[in-house]
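The values are calculated or read from the model by the stated rules, or taken from the named source; none is laboratory data. Keep in mind the model is a prediction, meaning the values are calculated, not measured. Cβ placement follows ideal geometry from the backbone for every residue including glycine, while neighbour counts extend to all protein chains displayed.
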């Protein structure tokens with residue numbers, strides 16, 4: 001048996017889901033005896049059979065990846081419950097094993113996978129999907145790229161209808177449930193006794209369940225962003241969300257504003273005031289990047305920057 | 001003065017791993033630490049808090065990069081995205097050498113995120129050494145490979161683990177990060193004398209040493225990095241130091257992490273085994 005064949009056989013066994021008792025499956029995926037399969041390439045010793053030695057790696061793999069997903073998706077876990085969350089993660093990783101060198105990306109396909117497998121998140125499918133979107137957005141916002149900011153003192157260039165580039169780390173979400181509040185509440189519960197820890201506090205559990213059970217649909221628009229290296233959730237008006245979304249899509253300012261306010265009867269003066277205040281705030285938060293082609297901007301004092 | 005061509009940093013002494021629970025203490029108290037080892041993958045990101053913290057650490061301390069996912073023994077060519085990010089980090093930290101494990105962990109682009117043991121065959125020697133050379137040539141920094149703790153052995157193995165390690169580093173012309181705790185763990189799991197391992201390693205290639213704690217189970221030992229170093233491991237460390245001389249040493253403590261002071265105090269126990277530096281006449 002050559003190196004590649006050993007590695008393929010071992011990885012296949014290591015990544016096969018555990019039994020309910022957290023033991024290695026007695027059969028391989030293609031129905032062969034796992035005991036015989038292990039004996040073919042792994043030596044036994046005086047204390048452990050080939051099967052048991054391979055099982056150590058099998059268990060380590062699942063404990064590691066499940067623990068990583070549990071850490072990244074505590075909100076989803078709280079919504080579906082600990083047992084269903086583990087089953088969901090196991091099925092997800094079985095279908096979408098890691099293709100990245102870093103565990104950071106382990107949950108990158110989870111939203112898409114859950115959309116195809118709603119049975120794992122019923123009856124709170126929409127709520128669960130929104131939570132996954134938020135939790136993944138938080139990961140992206142935490143360590144996403146940052147570019148030099150457009151400074152608040154800068155005024156727009158000779159370009160009469162400019163494009164704005166948004167910071168790569170800034171995540172924009174249109175959600176059906178107020179999962180930002182829910183996630184913060186879940187985390188508060190965790191820190192006070194912990195739904196994510198092994199020692200679940202009995203008096204916390206009913207509170208969490210009530211909170212999740214009470215969740216009513218309420219469309220929200222959210223920016224997941226960073227200030228001083230910490231991630232924050234910022235609610236946006238629908239028009240503000242659409243404006244930012246259009247800018248991210250590469251549209252010019254006038255098109256983005258028109259799209260954002262389409263169907264509204266806001267007066268032009270009021271619209272200008274609103275948009276100006278948004279841009280001032282977003283600039284202060286550092287959400288806009290300086291132009292890629294260098295100093296195209298003129299500073300507020302009139303000199304070229 | 002270098003101890004050998006792979007150990008040019010005998011002044012590094014004893015360091016500890018940079019871990020999140022200690023960030024605040026290190027930045028505020030600025031304790032005297034010879035050097036920190038970082039897990040490269042934790043900082044191979046575009047931006048954000050981890051890099052911000054790292055930059056502050058780099059202003060005051062020496063940092064050496066230790067990787068957990070290069071998988072020199074995996075069948076695929078090195079992942080280009082991985083290499084690019086790692087090189088960017090090397091430029092940021094100016095790590096004097098870089099370490100990763102002599103193991104595999106992925107096949108056909110699927111990752112286990114584990115340090116899986118190599119079959120000790122000549123085929124594996126050739127393959128692994130070639131990959132180490134490729135990575136070193138791309139990163140342009142000295143590389144040392146670490147022996148992993150293991151729980152399984154393969155029928156096809158043609159040599160002992162320490163013979164395999166020696167064959168690989170000779171063929172790759174690279175250094176060794178000798179983890180004496182891993183030697184102890186594997187010796188108990190595979191019934192060999194750990195001193196045979198320490199005595200069998202090419203001493204002139206040892207660039208760094210690791211010490212750590214582990215967990216005992218009924219039928220095997222797991223390398224958990226969540227306990228102090230036990231006496232038998234200190235004895236292996238003492239023998240290793242006798243063979244390799246003053247060598248940068250690092251205590252790993254990755255789970256159930258105690259206070260910074262406790263981790264540092266445990267690491268500094270290594271100094272009792274390290275000879276004083278030679279005084280220039």
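Take the residues in the stretch A:9-33 that are loosely packed, with under 15 Cβ neighbours inside 10 Å and outside any loop (DSSP other than H, G, I, E, B), then tell me which one is farthest from the other protein chains (Cβ to nearest Cβ).
If we take residues in the stretch A:9-33 being loosely packed, with under 15 Cβ neighbours inside 10 Å and outside any loop (DSSP other than H, G, I, E, B), then A:27 is farthest from the other protein chains (Cβ to nearest Cβ).
Mind telling me which of the residues B:113, B:155 ends up being on the phi > 0 side of the Ramachandran plot and within 12 Å of chain A (Cβ to nearest Cβ)?
B:113
Matching residues to (1) modelled with pLDDT under 95; (2) more than 30 Å from residue A:130 (Cβ to Cβ); (3) part of a loop (DSSP other than H, G, I, E, B); (4) more than 14 Å from chain B (Cβ to nearest Cβ):
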residue: A:5; (1), (2), (3), (4): no, yes, no, no
residue: A:35; (1), (2), (3), (4): no, yes, no, yes
residue: A:76; (1), (2), (3), (4): no, no, no, yes
residue: A:99; (1), (2), (3), (4): no, no, yes, no
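Residue-by-condition table, conditions (1) at pLDDT below 95; (2) surrounded by fewer than 19 Cβ atoms within 10 Å (Cβ to Cβ); (3) more than 12 Å from chain A (Cβ to nearest Cβ); (4) under 15 Å from the mean Cα position of the chain (by Cα):
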{"site": "B:73", "(1), (2), (3), (4)": "no, no, no, no"}
{"site": "B:96", "(1), (2), (3), (4)": "no, yes, yes, yes"}
{"site": "B:109", "(1), (2), (3), (4)": "no, yes, no, no"}
{"site": "B:118", "(1), (2), (3), (4)": "no, no, no, no"}
{"site": "B:129", "(1), (2), (3), (4)": "no, no, yes, no"}
{"site": "B:133", "(1), (2), (3), (4)": "no, yes, yes, no"}
{"site": "B:138", "(1), (2), (3), (4)": "no, yes, yes, no"}
{"site": "B:143", "(1), (2), (3), (4)": "no, no, yes, yes"}
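Give me the pairs: first residue in the stretch A:150-164 and more than 13 Å from residue A:289 (Cα to Cα), second residue loosely packed, with under 15 Cβ neighbours inside 10 Å and at pLDDT 85 or above, beta-carbon distance under 8 Å, and six or more apart or on different chains, which are they?
A:161/A:254
Does the stretch A:37-48 hold any residues that are surrounded by 15 or more Cβ atoms within 10 Å (Cβ to Cβ), within 10 Å of chain B (Cβ to nearest Cβ) and touching a residue at least 12 places away in the same chain (Cβ under 8 Å), and which are they?
The initial filter retains those residues of the stretch A:37-48 that are surrounded by 15 or more Cβ atoms within 10 Å (Cβ to Cβ), namely A:37-39, A:41-45, A:48.
Subset that is within 10 Å of chain B (Cβ to nearest Cβ): A:38-39, A:41-45, A:48.
The answer is A:38, A:39, A:41, A:42.
Looking at the structure I just gave you, is residue A:69 more than 16 Å from the chain's Cα centre (by Cα) and part of a helix (DSSP H, G or I)? Break it down stepwise before answering.
Numbers: more than 16 Å from the chain's Cα centre (by Cα): no; part of a helix (DSSP H, G or I): yes.
No, not satisfied.
So which residues in the stretch B:58-69 are more than 8 Å from chain A (Cβ to nearest Cβ) and crowded, with 19+ Cβ neighbours inside 10 Å? Lay out the reasoning, then the answer.
Taking the stretch B:58-69 first, the residues more than 8 Å from chain A (Cβ to nearest Cβ) are B:58-68.
The answer is B:62, B:63, B:64, B:65, B:66, B:67, B:68.
In the set B:87, B:91, which member is at pLDDT 95 or above, under 21 Å from residue A:103 (Cα atoms), more than 8 Å from chain A (Cβ to nearest Cβ) and outside any strand (DSSP E or B)?
On the way: B:91 fails: under 21 Å from residue A:103 (Cα atoms).
Within the list B:87, B:91, the selection yields B:87.
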